[in-house]
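The values are calculated or read from the model by the stated rules, or taken from the named source; none is laboratory data. If you're wondering where the values come from, they're calculated on a predicted model, not measured in any experiment. Neighbour counts are summed over all protein chains in view; Cβ atoms, including those assigned to glycine, are modelled from backbone coordinates with ideal geometry. Only protein heavy atoms, including side chains, enter the accessible area calculation; ligands, DNA and RNA are left aside. Shrake-Rupley method; radii C 1.70, N 1.55, O 1.52, S 1.80 Å.
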Amino acid sequence: MTARTTESYARVLRDAQDFSLVHGGPLFQLLLRSRLSSDSLTLVARRIAVFVLITWVPLLALAAHDGHLLGGAVAIPFLLDAETDIRFLVVVPLLLLAELVVHRRLMPVVRAFLDRNLIREADDERFDAAVNSAFRLRNSVVAELLLFALVYAVGVLVVWRHTALTVSTWYGHPSEGGFRLTSAGIWYAYVSLPIFQFLLLRWYYRLYIWIRFLWQVSRLELSLVPTHPDLLGGLGFLGNTVFAFSVLLVAHGAMLAAQIANRIFFAGASLVDFKEEIFVVVVFLLCLVFGPLLVFSPQLSRAKRRGLLEYGALAERYVRDFDGKWLRGDAQQSEPLMGSADIQSLADMGNSFAVVRTMRLAPVSRDAVLELAACVLVPLAPLLLTIMPVEDLVKKLIGIVL
């Protein structure tokens, strides 16, 4: 290692190696102590089973006790309520699974800034401060308590109360005194729904930590190399970070599909009625994932301009010397043109300048955008069966593939 092998730099390396968006916080510590998680965030199946037992199974039992499992005097029985079943049997498990995916895929990213020598020696302390600031936010007891309070004060008592269906359902009935909850509805409103909302808000809080960390790193003067073959000055590895959130996007797609399904099945709506809503959700989620990477665009733009000037000047000196030697008669008669290293050097110079010229201004690719958009839309695919027969749908899919 170079002279940067100091105590402070060793600390920076250690902190970067331990970076994780999800490996901390009060809930994580609770799951760790109750043996529902490990330090490496394994035991996902065990966590999923416990959360399903807490959020969905009691609703099943209480709805059966109330006589609202498949029928009864309600417009929406429990087992036909796609929004509730998908929320607790699909979305909650996906939110838990996403923790493991994000942990594994983002952990090496922070270390990559150091391994690729993108952080200048003078900025080691500031980079380490950004990492530790993310740790403090992630481990904050106050933050999770505030999220928990927000769920009950706003999520349940305000948002859910004003968006709950006004028809008779398994969880409640409209009455003169307001919406009266069933026994299943009480558990749903004060246990299951808050758990779901807390997990969701906790993910948004983690995304905030990630966005804040990237912004702080982008404020450092990164050591970008315009001729780097990744066409991003050495930041190409950041383009793959978006795939860490693919499971999270699938979960959001499943939430949207569940909401639309209920309105199709019980309110007589059609899938095409929600095309604007689907578009807005997809665009919002893509901006949430790709938007943070744009904070590096100013530095990439400066590196590209500097590279074009510097490599342009270098290329100009070289081609003038090449022209003078080989085309203006300065070359020695005894020096053969075939096999000359000058020819290969000229080609290498041209390739280097081409790399600088095609350098991108953001670690975002069209393929990544399309793949993550597909993650949101895939859960909506079964709803296509509500507007076209299976045979026509299969033919259209085959036509797209072929």
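Order S345, S218, most accessible first, counting only protein heavy atoms with a 1.4 angstrom probe.
Details: S345 50, S218 5 Å².
Listed by decreasing accessible area, they come as S345, S218.
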Taking 7 Å along the Cα-to-C-beta vector as the label spot, tell me the T42-F284 distance in nanometres, rounded to one decimal. 3.8 nm
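Suppose we look only past 12 Å in the calculated P(r) of segment 230-281. What percent of the Cα-Cα pairs does that tail hold?
Working: 958 of 1326 pairs.
Percentage above 12 Å: 72.
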Between A75 and residues 5 or more places away or on another chain, which pairs have amide H atoms under 5 Å apart, with H built 1.01 Å from N, and which residues are they? S168, T169
Roughly speaking, what is the centre-to-centre gap between segment 195-215 and segment 274-291 when only Cα atoms are used, to the nearest Å? 17 Å
Taking amide H positions as placed 1.01 Å from N in the peptide plane, with prolines and chain starts having none, which residues 5 or more places from G172, or on another chain, fall under 5 Å of its amide H? T182
Hydrodynamic calc, segment 159-314: Kirkwood Rh from Cα pairs, then Stokes-Einstein at 10 °C with viscosity 1.306 mPa s, so D in µm² s⁻¹ is 80 µm²/s
Computed on Cα atoms, the radius of gyration and Dmax of segment 195-248 in angstrom are 15.0, 49
